[in-house]
1. Å³ per residue of the Cα convex hull, for the stretch 95-192?
2. Given the convex hull of the Cα atoms of the stretch 151-223, what is a quarter of its surface area in nm²?
3. Give a residue-ordered list of calculated ³J(HN,Hα) values for the stretch 231-237 (Karplus: 6.51 cos²θ - 1.76 cosθ + 1.60, θ = phi - 60°; whole Hz; x for Gly, Pro).
4. How big is D, in µm² s⁻¹, for the stretch 276-334 by Stokes-Einstein at 37 °C and 0.692 mPa s if Rh is the Kirkwood radius over C-alpha pairs?
5. Could you work out how far the C-alpha centroid of the stretch 1-69 sits from that of the stretch 91-154, in angstrom?
6. How large is the Kirkwood hydrodynamic radius of the chain, in angstrom, based on all distinct alpha carbon pairs?
7. 222 nm [θ] for the chain, helices only, -39500 (n - 2.57) per DSSP H run of 4+, per residue, to 500?
8. What three numbers, in Å, describe the spread of the alpha carbons of the stretch 114-171 along their principal axes, ordered from the longest?
Amino acid sequence: MSNYISSDKKLGILGGGQLGKMLIQAASKWDITICVLDPNPECSCAPYAHEFTVGKFSDYEAVLNFGRTVDVITIEIENVNTDALRKLQEEGKIVHPSPEVIDTIKDKGRQKTFYRDNELSTSDFKILNAKDDVLSKINSGDITLPFVQKLCREGYDGRGVVVIKSEGDLENLLEGETIIEPLVDIDKEISVILSRNESGEINVFPPVEMEFNPEANLVEMLLAPARIDENFASKAMDLGKQVIQSLNLVGVMAVEMFLTKKGEILINETAPRPHNSGHQTIEANESSQYEQHLRAILIFPLGSVDQKSPAIMINVLGSKGFEGKVDYKEVNEVLKMKGSHLHLYGKKETRPFRKMGHITICGNDIDDLIEKGNHLKKVFRVEAK
Ligand code: ADP
């Protein structure tokens, strides 16, 4: 039996953003003690963690010292110091996901190489060290337009990704180590969230469909379950299982995939932690992705991932043209809507497209939910004071 309930044992989270906050909310139901490390004393987790430490999760000493004060360590962001995590493991601490998994995933080049080595379906790619190498491969005909260039490290939410369709776009090429992939003819973008415990048991949430804002490259609306045929859904869930098994990951992970117009399923990328595409599981599924993560890493039985009703999720993003102290407009429009659930992350400052919160709407008819979501996107705004 897990002995993390009402006990002196502590779970430490590296990163204090919204994913950490929702993990704390799940943990507090079961009286589990959570400690958080983040450099920003005003981050989303700071007011809610039992113990909050100001420090960089990318710094060796900061992670080591923090990790020594807890029993189990997990992450809510990949960009953490894995050497310190390895040292903590040597000292007997439990670390999920493992430092090896984090190292494989946080570098897009290594991540793609992992899929290729394990025969997991993904698009073709090349790893290149600098912008000049990309240009010379274009000149020699080894790379042909159109293509997508992605920074190997530290890109997120579409930052660090450029689409090169014509010669005129070449001025947007990114400097540094990058991967180059052909531009995929995408029919739908879906995500599969899974949890796996130490005995290798796996639970898979039904795939969800993601609609992206083309300007910000961020998820604008998420539909759960995805509107895809059962055959595709079960293939996607199987592919997700192969990924989590090959990585030998313990905890929750999200596998983002492309359904192509040709009918293939390609892995785009993986996150070794709870993910934006699983927020709606808090209200729409029997056990949320956050709860599943705690169950998996703290040795509780995995919960049921059955979906109770269809749902959509919209990210609440900072409105364009506003920067500074946040001022939410028309909150009551959200609160009065049947089936809606508002989550605000507590970020003090807004800026265009910053993820400030999300709204999940549950109901029976997906078209009705989409209409409600579009209505809220228009009326509920994130401005600055
Ligand atoms: P991030 O890590 O910033 O989320 P992704 O690799 O997921 O970056 O890319 C962001 C978005 O860019 C994807 O969700 C997709 O819409 C688009 N994209 C990425 N790779 C490709 C590709 N090879 N072909 C077409 N579109 C792509």
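Bear in mind these aren't lab numbers, they're just calculated from the coordinates by the rules spelled out. Small disclaimer: the values here were computed from a predicted structure and weren't measured. Methodologically, a virtual Cβ is constructed for each residue, glycine included, from the backbone with ideal geometry; neighbour enumeration extends over all protein chains shown.
1. Convex hull of Cα atoms, per residue: 126 Å³.
2. Working: hull surface 28.6 nm².
Mean projected area of the Cα convex hull: 7.2 nm².
3. Result, rounded to whole Hz: 4, 5, 4, 6, 5, 5, 5.
4. After rounding, the answer is 233 µm²/s.
5. Using only Cα atoms to place each centre, the spacing works out to 30 Å.
6. Over the chain, the inverse of the mean reciprocal pair distance is 21.6 Å.
7. -8000 deg cm²/dmol
8. 35, 27, 20
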